[in-house]
Amino acid sequence: MAGRATNLALLVLLPAAAASGAATFLVGGGTVGLVVIAHGVLGLTLLVLVPWKSIIVRRGLRRRRADQLMSVILATGVVAALATGLAHSTGLLIGAAGVSALQVHVAAALLALVPLLVHVRHRRARVRRTDLSRRNLLRMGLLLGAGSASYGALEVIAAGLSLPGARRRASGSYERSSGKPDGMPTTSWLLDEIPSIDSASWRVSVRSGGVRREWSVAEIRAVGERTSAILDCTGGWWSRQEWSGVRLSTLLPPGATGSVEVTSATGYRRRLPLTDDLLLAVDVSGTPLSPEHGAPARLVVPGRRGYHWVKWVTRVEHDHRRWWVQVPFPLQ
Ligand code: HEM
Ligand code: HEM
């Protein structure tokens, strides 16, 4: 493949890989499997381009340009993202020293986007009409075909060699300690830290239509509603547990529609639709939640990724705003 075509393919593939990667965190339920496959195919298509890009890189490095360091940082980020993506999906290295391969994967991918902008700005390839010619579209199709074939081959190899990767969920996550909450990893989104809360005096405030009411742990526990749900963390693990407490629909006026904003003692918050089967849990598998897992009460959101499962809940506010009008990923 010509150098120009290789670079243009990378220009499309790298942002597409990053966007589809982010989408694997956004969608839950049945669609996540399809998005994960699309992401894997895009990532592996990038890998297919390595032999062609190596020729450009060798030639470019000989020219000694001023911003070459940026190109090297970009290459390091992309190689790290590819290596950690594969380490996670095959299960050969899911994590080490308390850091998961997936955490490094996401960080490396996001960090690569800035040097990519610099790289492309200084090596501007003017888009020509022929770039969208049938021949080039066919080439892109063949490339994606090679990426898909690599994806299929990897899955077959993982199954054939019984690699841990063959046992991951459609979201790409690995099972951890289902039914035994003590063994569940303790992770938090970005900078959230475990607050110290006295369960006896703690109250959750629930507001709907101008009416506010406070609930204690004992009152919530007495309702005793339960659900068996999978917590699927974006750190790359999942765990099925029996959660019990009270459904938000029980705390709100009968037939309430719209959405709720659920806020943590740390200020962390998510808005969710009332069409979800939301449960405010105080117990997991019959024992009170631990502080790391959100004591005194955490939200259980079946079918959505872990960062929606707000821990240390202090406030639930019901209104009719559209639930998806919020930052896609919390900044805390
Ligand atoms: C996965 C993304 C990419 C990586 C890892 C990457 C990496 C590199 C490296 C390490 C070099 C050699 C050092 C240098 O010349 O600065 C290079 C050269 C170059 N890259 Fe990229 N690049 C990527 C994407 C792109 C894209 C999207 C374009 C353009 C649209 C592009 C255009 C070029 C050009 C024109 C050269 C210089 C070739 C020469 O001077 O002979 N690259 N790239
Ligand atoms: C530079 C951009 C990226 C590249 C090149 C890339 C590449 C890859 C590759 C090659 C895999 C292994 C695919 C497989 O064999 O199944 C992978 C897996 C994964 N990536 Fe990325 N990725 C990028 C960005 C992201 C981002 C930004 C996220 C999330 C925010 C993400 C989330 C994931 C997840 C969850 C998996 C595991 C999927 C599985 O187990 O099948 N990726 N990535």
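The values are calculated or read from the model by the stated rules, or taken from the named source; none is laboratory data. As the structure is a prediction and not an experimental result, all values here were calculated from the model. Note that we place each Cβ from the backbone using ideal geometry, even for glycine, and neighbour counts take in every protein chain shown.
Could you tell me which of the residues Val120, Val72 is over 30 Å from Trp237 (Cβ atoms), away from ligand 2 (no atom under 13 Å from the Cβ) and surrounded by 15 or more Cβ atoms within 10 Å (Cβ to Cβ)?
Of the residues listed, the single one that is over 30 Å from Trp237 (Cβ atoms), away from ligand 2 (no atom under 13 Å from the Cβ) and surrounded by 15 or more Cβ atoms within 10 Å (Cβ to Cβ) is Val120.
With the checklist (1) farther than 26 Å from Val127 by Cα; (2) crowded, with 20+ Cβ neighbours inside 10 Å; (3) near ligand 1 (Cβ under 8 Å from one of its atoms) in hand, flag the one item Val79 doesn't pass.
(2)
I'm trying to understand the selection: among the residues of segment 102-116, which are closer than 13 Å to Gly236 by Cα and more than 9 Å from ligand 2 (Cβ to nearest atom)?
As a first pass, look at segment 102-116 and keep what is closer than 13 Å to Gly236 by Cα: 102-106.
Correct list: Gln103, Val104.
Scan the helices (runs of 4 or more DSSP H) fully inside segment 1-105 and keep the ones with 3 or more residues being under 15 Å from the mean Cα position of the chain (by Cα) and at pLDDT 95 or above.
Fully inside segment 1-105 and qualifying: 3-26, 32-48, 68-90.
Here is a list: Val120, Val127, Val114. Which entry is touching a helix residue (DSSP H, G or I) at 6+ places or on another chain (Cβ under 7 Å), closer than 21 Å to Ala17 by Cβ, among the β-branched types (Val, Ile, Thr) and in the same structural domain as Val78 (by TED's automatic domain parsing)?
Going through Val120, Val127, Val114 in turn, the sole match is Val120.
Take Val127 and decide whether it is within 13 Å of ligand 1 (Cβ to nearest atom), of a type in the set (A, V, I, L, M, F, W, C), more than 15 Å from Leu82 (Cα to Cα) and under 29 Å from the mean Cα position of the chain (by Cα).
When the stated conditions are applied, Val127 does not pass them.
Could you go through segment 164-187 and let me know if any residue there is closer than 27 Å to Leu274 by Cβ, acidic (Asp, Glu), at pLDDT 95 or above and within 16 Å of ligand 2 (Cβ to nearest atom).
no
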